[in-house]
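Enquirer: Okay, handing you the structure first.
The values are calculated or read from the model by the stated rules, or taken from the named source; none is laboratory data. Source: prediction; values computed, not measured. Cβ placement follows ideal geometry from the backbone for every residue including glycine, while neighbour counts extend to all protein chains displayed. The protein model used for the area step is the full one, side chains on, heavy atoms only, and it has no ligands, DNA or RNA in it. Shrake-Rupley method; radii C 1.70, N 1.55, O 1.52, S 1.80 Å.
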Amino acid sequence: MLDIKAIRQDPDAVVVALKKRGLAFDLERFQSLDARRKTADVRAQGLLAERKSASKRIGELIAEGKSVDDAKAEVDSVLSRLGDELEAATAEAEAVQSEIETLLLETPNLPDERVPHGVSEDDNIEVLKWGEPKALDFAARDHVDLGEALAQMDMDAASRIAGSRFSLLSDQIARLHRALAQFMLDQHTVQHGYREVYVPYIVNEASLTGTGQLPKFAEDLFRLEGDQGYFLAPTAEVPVTNIARDRIFDAEELGQDGLRFVSHTPCFRSEAGSYGRDTRGLIRQHQFEKVELVQLVRPKASDAALESLTGHAEAILQALQLPYRKVMLCGGDLGFSAALTYDLEVWLPGQSAYREISSCSNFRDYQARRLQARWRNPETGKPELLHTLNGSGLAVGRTLVAVMENGQQADGSIALPEVIRPYMGGAESISPQ
C-alpha cells in the first residue's frame with residue numbers, strides 16, 4: 001500500500017510515477033475523500049469536547065438556581081443530542097476512511113526511477129545474456145513431444161483426471177522434476193544462507209491482501225468453498241512473506257543482511273487473464289511448483305538485496321548450464337506490488353525463444369505497510385517498515401522444460417546436467433525404455 005502521507009505531500013509525483021505503468025491515479029477522488037475524512041474527524045473531535053464540557057454543566061445549572069432533576073434532564077437532553085451527532089460523525093469518518101483504504105489497496109506500487117517506460121514485455125530492457133544457445137543438427141522438439149516420445153509425460157491423462165492445464169509425469173521425468181527442486185533447495189540453503197521453511201498451502205484473505213493479490217486479483221485465485229475465506233496459495237510468496245505480518249523484529253534478529261527464507265511449494269492459479277496463452281505443455285499450468293526466495297531487509301539494504309537475490313536465481317541456471325537473459329521490466333509489464341523487477345528468461349530450443357523462468361522483485365515498503373511488517377531501528381528506538389523482496393529460484397516445471405529441451409539428443413534421449421546427476425542416481429541421460 002502506498003504511504004498516504006507521501007500522497008498528501010507530493011500528489012503530482014504519485015500521478016507521474018503511476019503514468020509509467022500506464023495508469024491514471026484518481027487524485028481528485030483521493031483528495032475529495034481525504035477532505036471529507038478530515039472534516040468528519042474534526043467534527044467528531046469537536047463533539048467529543050462539547051460532550052465533555054456538557055457533562056460538567058449539572059453543577060453550573062444548580063448554582064444558577066435550577067433543581068437537581070431539571071439540571072440533570074437538561075444535560076441529559078444535550079448529551080443525547082451530542083451522542084447522536086457524534087455517532088453520525090464517527091460513522092461518516094469510518095465510511096470515508098474505508099473508501100480511502102479501498103482506493104489505496106487497489107493502487108499499485110510506484111515504479112522505481114530506473115524502471116523503463118513501456119507498455120508491454122516488448123519494451124523490457126535486456127541487462128545481460130549468459131551462455132550461448134546450442135546449435136542442433138536436427139529439428140528441435142518441444143518438451144511435450146520429447147516427454148510423450150519417452151512415454152513419461154501424459155497430458156491427455158492429466159486432462160481426463162482434472163482438466164486442461166494440468167500434467168502427469170512419470171518415471172525418470174517425474175524424478176527429474178523432484179531432483180531439480182531438491183537441487184535448488186540445497187543450493188540456496190547451503191550456498192546462499194537461506195532458511196528453509198515448510199508453509200501452509202492454504203492461505204486466508206488477510207495473507208493475500210498483505211502481499212497484494214487481494215482485492216485486485218481475486219479472479220486469478222482458487223477460492224475454497226465455504227465461509228472460512230480460504231484460498232489455495234498462488235505462490236509461496238504469500239505464506240512466506242506473511243511470516244512477518246504484525247511483527248516487529250529486533251535489529252539483532254534481522255541482522256545486517258536481513259532474513260532469508262526459501263520454500264518449495266505447489267502453486268495454484270486460475271490463469272483467468274491468460275486465456276489462449278501457452279495452452280500446450282508445462283509453461284502455464286493451474287498447478288505447478290516453485291522454489292521461492294523471500295528476503296526481509298532494512299530499507300537501506302533492499303537495492304543490494306535485489307541484486308543478490310537475482311544472482312542466487314541466476315546461479316541455478318548457470319549451474320544447470322542453461323542459457324538465459326536478464327531483463328528489467330518496463331512500467332507496463334511491472335507486477336502490481338513491485339517497485340523494480342528483473343525477469344530471468346531461459347532459452348527454449350523447442351520455441352526458439354527466451355521464456356520467463358523467474359521474476360525477482362523489490363517491493364520496498366509496499367507490502368510491509370499492508371502487513372505491518374516492521375523492525376525496531378536501534379538509532380531511533382522506534383518501529384519502522386521493512387522492505388520485502390522475492391523471486392523464483394526457480395520455477396520447477398519451467399526448469400524441467402528447459403533441461404529437457406536444451407539437453408535433447410537426436411535419438412530422443414535427454415542429456416542431464418552434471419550437477420543434477422547425483423540426484424538422479426548417477427544417470428547421465430534419460431533414454432527411451
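Enquirer: So is SER302 at pLDDT 95 or above and under 30 Å from ILE4 (Cβ atoms) or not?
Expert: Yes.
Enquirer: Anything in region 232-262 that is touching a helix residue (DSSP H, G or I) at 6+ places or on another chain (Cβ under 7 Å), among the hydroxyl-bearing types (Ser, Thr, Tyr) and either over 17 Å from ARG374 (Cα atoms) or without any contact (Cβ under 8 Å) to a residue 12 or more places away in the chain (or both)? List them, or say none.
Expert: none
Enquirer: Hey, GLY226 hits all of (1) in contact with an Asp or Glu (Cβ under 9 Å, 6 or more places away or on another chain); (2) in a loop (DSSP other than H, G, I, E, B); (3) farther than 28 Å from ALA315 by Cα; (4) not basic (Lys, Arg) but one; which does it fall short on?
Expert: (1)
Enquirer: Have a look at ARG247, ARG269, ARG223, ARG280 and point out the one that is open to solvent by 20 Å² or more (accessible area, probe 1.4 Å), under 18 Å from SER358 (Cα atoms) and not hydroxyl-bearing (Ser, Thr, Tyr).
Expert: ARG269
Enquirer: Can you name the residue in region 387-421 that is farther than 23 Å from TYR324 by Cβ and not in a strand (DSSP E or B) and, of all such residues, is most open to solvent (accessible area, probe 1.4 Å)?
Expert: ASP411
Enquirer: State whether one or more residues within region 277-289 are part of a loop (DSSP other than H, G, I, E, B), under 18 Å from GLY212 (Cβ atoms) and not hydroxyl-bearing (Ser, Thr, Tyr).
Expert: No; the residues of region 277-289 include none that is part of a loop (DSSP other than H, G, I, E, B), under 18 Å from GLY212 (Cβ atoms) and not hydroxyl-bearing (Ser, Thr, Tyr).
Enquirer: Kindly check whether there is at least one residue in region 79-89 that is part of a helix (DSSP H, G or I), at pLDDT 90 or above and not aromatic (Phe, Trp, Tyr).
Expert: No, every residue in region 79-89 fails to be part of a helix (DSSP H, G or I), at pLDDT 90 or above and not aromatic (Phe, Trp, Tyr).
Enquirer: If you check every pair at least six apart or on different chains, which have Cβ atoms under 6 Å apart with a residue in region 313-331 that is within 9 Å of GLU126 (Cα to Cα) and open to solvent by 30 Å² or more (accessible area, probe 1.4 Å) first and a residue that is of a type in the set (Ser, Thr, Tyr) and not in a helix (DSSP H, G or I) second?
Expert: Listed pairs, sorted by first residue: ARG325/TYR354.
Enquirer: So, one more: Which condition number does ALA304 fail, the rest of (1) open to solvent by 30 Å² or more (accessible area, probe 1.4 Å); (2) under 21 Å from ASP220 (Cβ atoms); (3) in a helix (DSSP H, G or I) being met?
Expert: (2)
Enquirer: With THR241, THR235, THR209 as the choices, which residue is open to solvent by less than 50 Å² (accessible area, probe 1.4 Å), assigned to a loop (DSSP other than H, G, I, E, B) and closer than 19 Å to GLY335 by Cβ?
Expert: Checking each option against the conditions leaves just THR235.
Enquirer: Could you go through region 154-165 and let me know if any residue there is within 27 Å of ASP278 (Cα to Cα), in contact with an Asp or Glu (Cβ under 8 Å, 6 or more places away or on another chain) and buried (at least 17 other Cβ atoms within 10 Å of the Cβ). Steps first, please.
Expert: So in region 154-165, the residues within 27 Å of ASP278 (Cα to Cα) come out as 154-165.
When the remaining residues are screened for being in contact with an Asp or Glu (Cβ under 8 Å, 6 or more places away or on another chain), the result is 154-155, 165.
Still in the running and buried (at least 17 other Cβ atoms within 10 Å of the Cβ): 155, 165.
Scanning region 154-165, I find at least one residue that is within 27 Å of ASP278 (Cα to Cα), in contact with an Asp or Glu (Cβ under 8 Å, 6 or more places away or on another chain) and buried (at least 17 other Cβ atoms within 10 Å of the Cβ), so the answer is yes.
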